[in-house]
Amino acid sequence: MIQGIGASAGIAIGKSFVLPSWEWELPEQRIDVADFAREFERVYEGIRTSKFEIEQMKDELREVVGPSETHIFDAHLAILDDPVFMNEIQGIISRQYKAAEVAVKEAIDHFVTMFDLLDDEYMKERALDIKDVGNRLLKHLLGVPEIKLPSNTKPFILVAKELSPSQLAHINPQNVLGIVTLAGSTTSHSAIMARALGVPLVVGVEAKLEEPIQTGQMIVLDGGDGVMYVQPEQEIVALYSAKQRQQQEAKTRLRDIVDHKSMTPDGKRLELAANISSFKELEIALSSGAHGVGLFRTEFLYMDRNRFPLEEEQFEVYRSVADKLEGKPLIIRTLDIGGDKQLDYFNIAEEDNPFLGYRAIRISLDRKDLFKVQLRAILRASHYGQVKLMYPLISSVEEVRAANAVLAEAKQELEQEGQPYNRNLQVGVMIEVPAAVIIADLLAGEVDFFSIGTNDLIQFTLAVDRMNEEISHLYEPFHPAVLRMLKLTIDAARRNGIKVGVCGELAGDVKALPIWLSLDVDELSISSHSLLQVKERLLRTRQEDSLLLLPKLLECRTSADIHELLGRFMDENDARRQSASIS
């Protein structure tokens with residue numbers, strides 16, 4: 001067994017096809033001064049051709065993976081337009097008397113090395129973008145064909161050192177069962193696209209391989225657990241074939257409950273909404289029976305481009321989502337960057353503790369010009385559906401009031417311009433930090449709803465960075481302190497008569513459902529892939545039983561006690577239902 005990193009869920013079983021690494025053959029001779037103009041023009045022509053190809057890929061992919069993921073290629077176009085990249089190439093040609101292809105190769109190597117040396121995973125991933133764009137340009141200068149995947153063979157598992165978005169753009173999910181990359185991470189553009197395409201992906205296996213994978217070897221991979229087997233025993237193939245069938249059968253079974261109301265057997269209605277970051281994800285969410293969008297992550301409109309999105313660009317996206325929802329609720333979270341989400345064109349100074357630093361609402365209130373542009377776009381979109389607005393990482397009443405003051409200015413401007421918007425737009429806040437929990441009763445008097453962001457709330461409550469391998473085992477969603485934080489927040493919302501939802505990974509954890517029923521939350525906003533699993537459990541769990549469980553949960557002293565109690569509750573619940581169906 002080889003343990004990699006699961007980057008796109010699903011099981012794949014099949015023969016491997018190893019994508020060869022291209023070795024460039026570059027001219028060694030120096031050029032004359034008289035050749036400079038010709039070499040510059042070759043570079044310009046290569047850039048024009050490369051940009052044309054990238055635009056074509058964007059158009060082809062837009063219908064497949066949605067507009068959000070195609071913004072990946074905006075970053076590639078930005079590199080080709082970057083004067084720093086171009087100046088580096090021209091400088092090598094004119095100072096070192098080297099041909100265009102040599103200059104491009106050296107420029108690529110220079111920037112890739114520079115980015116790789118940075119202690120920043122996001123910037124390391126951008127090095128792959130530069131390599132992808134540079135290799136496309138190099139291919140045109142050298143006049144060599146692009147390496148293409150086989151189309152006349154049985155479906156295969158693709159193996160590569162690393163896989164660029166350009167290469168992924170040309171794969172046919174019908175031919176590619178799964179993907180293994182020796183390098184890479186879950187945050188890479190390739191991982192994002194693999195998830196959008198629904199192709200299982202395991203990354204980061206290079207250090208675990210005793211010998212290179214060869215084309216034609218049998219491979220079993222699990223993109224959820226990050227596990228891979230090369231030339232496995234028949235027992236392993238049979239085991240994962242059975243798991244694959246079970247997953248498919250479960251999907252088929254879950255499709256039968258898409259149109260069921262999300263209601264417990266004793267009548268508790270728990271709205272199940274979706275977290276989305278693109279139009280494509282919205283379509284998947286609606287096909288899974290989502291009653292609306294509980295979290296629209298707008299930061300993805302800002303990423304992988306070379307400038308901030310204009311008001312009109314944002315408005316068109318928000319309006320399109322609202323139109324598609326046809327009156328179902330849409331909660332739009334304002335820009336949440338910083339921490340692990342950076343923008344290439346917006347420099348944030350290096351911070352010792354970026355998750356506690358300049359991010360989310362703090363950036364919005366510091367850059368009110370940018371904030372107001374987004375608020376105007378959201379307000380305008382509110383005219384076209386049940387749109388709600390939500391501020392992230394709130395820790396004080398002052399922040400809410402400051403944000404609402406900018407919102408009031410945006411409303412006033414739209415009034416003066418005669419632009420329609422919903423004057424009763426609901427405004428909520430994310431409860432993500434302990435400070436917000438402690439003053440939840442005060443915040444509830446300022447807003448229309450809460451949404452509990454469990455990922456950050458758990459991280460901050462336990463002082464554990466879950467991405468840190470040394471301490472990630474301490475990230476425990478079922479910690480007694482987390483449970484008490486949840487209860488404090490929801491009790492404050494109830495006392496003040498406002499609704500409360502939950503988003504984050506814990507919201508989509510089936511095991512946590514009795515907690516949400518016992519605390520009487522109004523909505524869970526979860527990934528589309530978890531929605532039907534949660535609904536299936538909801539349809540067979542009584543709220544009355546969950547309410548009786550809550551005092552016992554609050555008495556638990558350890559996470560293990562909570563896990564055991566929840567596990568026993570679910571087993572007993574299943575046994576009761578099975579007994580009732582037999583009788």
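A short reminder: the numbers here are calculations on the coordinates, not readings from a lab. As the structure is a prediction and not an experimental result, all values here were calculated from the model. Neighbour counts run over all protein chains shown; Cβ positions are idealised from the backbone, glycine included.
Annotation: amide H of Ile394 within the under-5 Å range of Met430, Glu432, sequence separation 5 or more or interchain, hydrogens built in the peptide plane. For Tyr345, Tyr318, the sequence from fewest to most other C-beta atoms within 10 Å is Tyr345, Tyr318. Lys499's amide H: which non-local residues (gap 5+, or another chain) put their own amide H closer than 5 Å, with H modeled 1.01 Å from N in plane and none for Pro or chain starts? When sequence neighbours closer than 5 places are left aside, the close amide H contacts are Phe450. The distance separating the Cα centre of the range 312-373 from that of the range 453-517 comes to 23 Å.
Take every Cα pair under 8 Å in the chain that's 6+ residues apart, average their separations, divide by the length, and report that relative contact order as a whole percent. Spell out each step's value before the answer.
Details: 1007 pairs, mean separation 81.8, N = 583.
Relative CO of the chain lands at 14 percent.
Note on Met114, Met228: ascending count of other Cβ atoms within 10 Å places them as Met114, Met228, the fewest first. For Lys372, the lysines whose Cα comes closer than 23 Å to its Cα, not counting residues fewer than 8 places off in the same chain, are Lys341, Lys388, Lys411. Using Cα-Cα distances under 8 Å and only pairs 6 or more residues apart, what relative contact order does the range 380-453 have, in percent? That works out to 42 percent. Shown for Glu249, Glu53: other C-beta atoms within 10 Å of each C-beta, ranked fewest to most, produce the order Glu249, Glu53. Restriction of the GluC sites (Glu not before Pro) in the range 441-529 to DSSP coil positions whose beta-carbon has at most 15 other beta-carbons within 10 angstrom yields Glu469, Glu470.
With contributions of -39500 (n - 2.57) from each DSSP H run of at least four residues, the per-residue ellipticity at 222 nm computed over the chain stands at -15500 deg cm²/dmol. Of all lysines in the structure, those lying under 24 Å Cα to Cα from Lys511, and not within fewer than 8 positions of it along the same chain, are Lys243, Lys251, Lys261, Lys268, Lys487, Lys499, Lys535, Lys552. Straight-distance candidates among the lysines for linking to Lys98, with alpha-carbon spacing under 19 Å and chain neighbours fewer than 8 residues away dropped: Lys139. For the chain, hydrophobic long helices are taken as DSSP H runs at least 18 Å long by C-alpha position along their axis with mean Kyte-Doolittle hydropathy of 0.0 or more; these are 83-96, 100-116, 368-381, 480-495, 543-555.
Which whole-number percentage describes the relative contact order of the range 185-303, with Cα contacts under 8 Å and a sequence gap of 6 or more? Provide the component values of the computation, followed by the final result.
Details: 90 pairs, mean separation 16.3, N = 119.
Relative contact order of the range 185-303: 14 percent.
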